[in-house]
Amino acid sequence: MTGCTEIQLPTKLIPARQLKEIMMDWHVNQTSQPGAYEISGKTNLPDRTQLTVAALRYLYPIAATARRFNTDPTYTILDYQSVTVEQGTWQTQLNLWQIASDRTFKENWQLDQQGLAIRFNPSEDVVFLVTLAPIDQLPALQQQLAKQGQQLAKSTVRSSTEGEQYAQFQKTLAVALPTGSTLASSAQVDTENFGWGRRYLIPQEPQNPTQLERPKTRQTDAPARSEEFLR
């Protein structure tokens, strides 16, 4: 009689399920509006996935003032918007410029720098970020993706200083500092009644170019009719 013996295969010989990285194809395009950028993308993330789209610029303290402060670079968030994935697409717009009191275009850090004792040299680039939000729901999303045979690219998963993991995509573009100003003259053409002017005034009728004269005598010998008498 022969017996049967169960053979344990080494774990490394059992092929693990291969997970495909999710697709995130997105672009940043400048619009015709000063300082405005349209950010849109396609993805196979589940619908109703929340994304936070932001634009930031790194700032480097000038050497003359950096001796009294931390010399590490800081950054300013120029603008951010929340967007939701719908049918595999998402789109939003960021406005990187603001209008100063003198109607010139500025970035937010330029407006705040006037009241600070430190000066900065701004980076020539702006970093555009797309972050999966909220970050505390990332583990649940990863489990959902794994069931569908997908996973986030390892290069996109990062850890915060508190140890929380989050997924983030980024692009870096050269974006010049703001120049120019708004057309103040057009806004001062007619400010009365919110630009509508005095619409409540009835304009006078134009004068008749032909001068009419009353005849000196009646132009008919017929007797007057009763309708012509005053009542």
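Here are the numbers for this structure:
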{"read-out": "Residue selected from region 122-137 under the condition more than 19 Å from the chain's Cα centre (by Cα) and modelled with pLDDT under 90, by the criterion surrounded by the most Cβ atoms within 10 Å (Cβ to Cβ)", "value": "ILE135"}
{"read-out": "Residue check for LYS42: over 18 Å from ALA176 (Cα atoms) and basic (Lys, Arg)", "value": "yes"}
{"read-out": "Residue selected from region 16-47 under the condition over 19 Å from VAL85 (Cα atoms) and of a type in the set (D, E, K, R), by the criterion modelled with the lowest pLDDT", "value": "ARG17"}
{"read-out": "Selection count where residues are modelled with pLDDT under 50 and either surrounded by 10 or more Cβ atoms within 10 Å (Cβ to Cβ) or hydrophobic (A, V, I, L, M, F, W, C) (or both), scope region 2-15", "value": "4"}
{"read-out": "Which listed residue is in contact with a strand residue (DSSP E or B) (Cβ under 8 Å, 6 or more places away or on another chain), β-branched (Val, Ile, Thr) and buried (at least 18 other Cβ atoms within 10 Å of the Cβ), from THR104, THR92, THR84", "value": "THR92"}
{"read-out": "Breaking point among (1) at pLDDT below 90; (2) within 30 Å of LEU19 (Cα to Cα), for GLU228", "value": "(2)"}
{"read-out": "Check on VAL157, surrounded by fewer than 16 Cβ atoms within 10 Å (Cβ to Cβ), among the aliphatic types (A, V, I, L, M), in contact with a strand residue (DSSP E or B) (Cβ under 9 Å, 6 or more places away or on another chain) and modelled with pLDDT of 90 or more", "value": "yes"}
{"read-out": "Complete set of residues in region 112-121 that are surrounded by fewer than 18 Cβ atoms within 10 Å (Cβ to Cβ) and either in contact (Cβ under 8 Å) with a residue 40 or more places away in the chain or under 12 Å from PRO178 (Cα atoms) (or both)", "value": "ALA117, ILE118, ARG119, ASN121"}
{"read-out": "Those residues of region 78-108 which are among the hydrophobic types (A, V, I, L, M, F, W, C) and within 17 Å of THR49 (Cα to Cα), in sequence order", "value": "VAL83, VAL85, TRP90"}
{"read-out": "Pairs where the first residue, in region 90-110, is at pLDDT below 95 and the second is part of a helix (DSSP H, G or I), C-beta under 7 Å, 6+ apart", "value": "GLN98/ASN108; GLN98/LEU111; ALA100/LEU111; ARG103/ALA184"}
{"read-out": "Any hit, region 148-158, residues being under 21 Å from ASP72 (Cβ atoms) and not in a strand (DSSP E or B)", "value": "no"}
{"read-out": "Listing of strands (runs of 3 or more DSSP E) fully contained in region 72-124 that carry 1 or more residues being among the hydroxyl-bearing types (Ser, Thr, Tyr)", "value": "74-84, 89-95"}
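The values are calculated or read from the model by the stated rules, or taken from the named source; none is laboratory data. Computed from a predicted structure; not experimentally measured. We place every Cβ from the backbone using ideal geometry, glycine too, and count neighbours over all the protein chains shown.
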